[in-house]
1. Pull out all pairs, ordered by first then second residue, where Cβ-Cβ is under 7 Å, the residues are six or more apart or on different chains, the first lies in segment 260-279 and is within 12 Å of V153 (Cα to Cα), and the second is surrounded by 16 or more Cβ atoms within 10 Å (Cβ to Cβ) and charged (D, E, K, R).
2. Just to be sure I understand the filter: pairs with C-beta atoms under 7 Å, separated by 6 or more residues or on different chains, first member in segment 223-252 and on the phi > 0 side of the Ramachandran plot and in contact (Cβ under 8 Å) with a residue 60 or more places away in the chain, second member surrounded by fewer than 19 Cβ atoms within 10 Å (Cβ to Cβ) and part of a helix (DSSP H, G or I). Which pairs pass?
3. Regarding segment 56-75, can at least one residue be identified that is in contact with a Lys or Arg (Cβ under 6 Å, 6 or more places away or on another chain), of a type in the set (G, A, S) and closer than 15 Å to D141 by Cβ?
4. Is it the case, given these coordinates, that A8 is out of contact with any Gly (no Cβ under 7 Å at 6 or more places or on another chain) and either of a type in the set (S, T, N, Q) or farther than 30 Å from N152 by Cα (or both)?
5. Looking at A117, A104, can you tell me which residue is in contact (Cβ under 8 Å) with a residue 40 or more places away in the chain and not basic (K, R)?
6. So which of V249, V193, V226, V200 ends up being among the aliphatic types (A, V, I, L, M) and closer than 18 Å to L166 by Cβ?
7. Can you find a residue in segment 67-77 that is surrounded by fewer than 20 Cβ atoms within 10 Å (Cβ to Cβ), more than 20 Å from K13 (Cα to Cα) and of a type in the set (A, V, I, L, M)?
8. Looking only at residues in segment 78-95 that are surrounded by fewer than 20 Cβ atoms within 10 Å (Cβ to Cβ) and hydrophobic (A, V, I, L, M, F, W, C), which one is farthest from V123 (Cα to Cα)?
Amino acid sequence: MSTVQISASDVNKLRQQTGAGMMDCKKALTEANGDFEAAIDYLRKKGAKVAASRQDRDSNEGVVIAKTTADSKKGVIIELNCETDFVAKNNDFIAFAQQIADVAIEHAPDSLEALKALSIDGVKISDLLLDQTGKIGEKIDISKYETIAAENVVAYIHGNYRLGVLVGLSHAVNGAEEAGRDVAMQIAAMNPVAIDKGDVDASTIQRELDIAKEQIRAEGKPEEMVEKIAQGKLNKFYKESTLLNQEFVKDSSKNIAQFLDGVSKGLTVTVFKRVQLGA
């Protein structure tokens, strides 16, 4: 049994460092004989145990953060998950997600695993996730990490951190930020599958054609008309599901390609990412 006296100031100091509860901090210091580093390890181990016991829990709540570098050349999106809406709306949880996004912006890790290996204030993000799990009592983890690079990147967060979009534009011009935001809102609302017709995956095209042909045959159309009508349905799919060909939601008289060209000749989207909470 430890004979080290644990003062209230020591408990408070550990609480300030870790965010853990007062009783948890007192127990950790007692178990560690007053050694702060060992007490922090104890709390982490407690968090790890909680995390392990909650691996089968669904963590579909959380926040999505989208940010760009100061020069608007790169952008990141991260999705930080928890189990309940109550935690997701907590300011400390949102601030933690913002910190992770800031680290991603600063260091540009090439994978989610590499992001978790980076540190905030000297502590690995992977350890901080366990700390948060132990502190909050819910499964806390980063489920998605996306990056893009372009001549002008615009970030947009929709619906109280429930959806994030990054849009990469072909060049920077006056009004590009506003135009990029409009396009990002379009992506958030319409969820395009690709930028343009040529970017649609071949398997997706084949699936759309197969479905169209089955529908046409079920309507009793002659076989010699099936291919032509199916191509017409495919063109409708392109118009509805590829970004540049979609009607602009703020002005249905033009599509996104025409809208951007009107902002600046030749302005277009080179890349985009869309992350929706729990999707």
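The values are calculated or read from the model by the stated rules, or taken from the named source; none is laboratory data. Computed from a prediction, not measured in an experiment: that's the story for all the values here. A quick note on method: Cβ atoms are made from the backbone with ideal geometry, for glycine too, and the neighbour counts reach across all protein chains shown. With ligands, DNA and RNA removed, areas are computed over all heavy atoms of the protein, side chains included. Shrake-Rupley method; radii C 1.70, N 1.55, O 1.52, S 1.80 Å.
1. K273/E146
2. Once the first residue is on the phi > 0 side of the Ramachandran plot and in contact (Cβ under 8 Å) with a residue 60 or more places away in the chain and sits in segment 223-252, no partner that is surrounded by fewer than 19 Cβ atoms within 10 Å (Cβ to Cβ) and part of a helix (DSSP H, G or I) comes close enough.
3. Yes; the residues of segment 56-75 include at least one that is in contact with a Lys or Arg (Cβ under 6 Å, 6 or more places away or on another chain), of a type in the set (G, A, S) and closer than 15 Å to D141 by Cβ.
4. yes
5. Sole residue among the options that is in contact (Cβ under 8 Å) with a residue 40 or more places away in the chain and not basic (K, R): A104.
6. V193
7. Taking every residue of segment 67-77 in turn, at least one turns out to be surrounded by fewer than 20 Cβ atoms within 10 Å (Cβ to Cβ), more than 20 Å from K13 (Cα to Cα) and of a type in the set (A, V, I, L, M).
8. Only one residue fits best here, namely F86.
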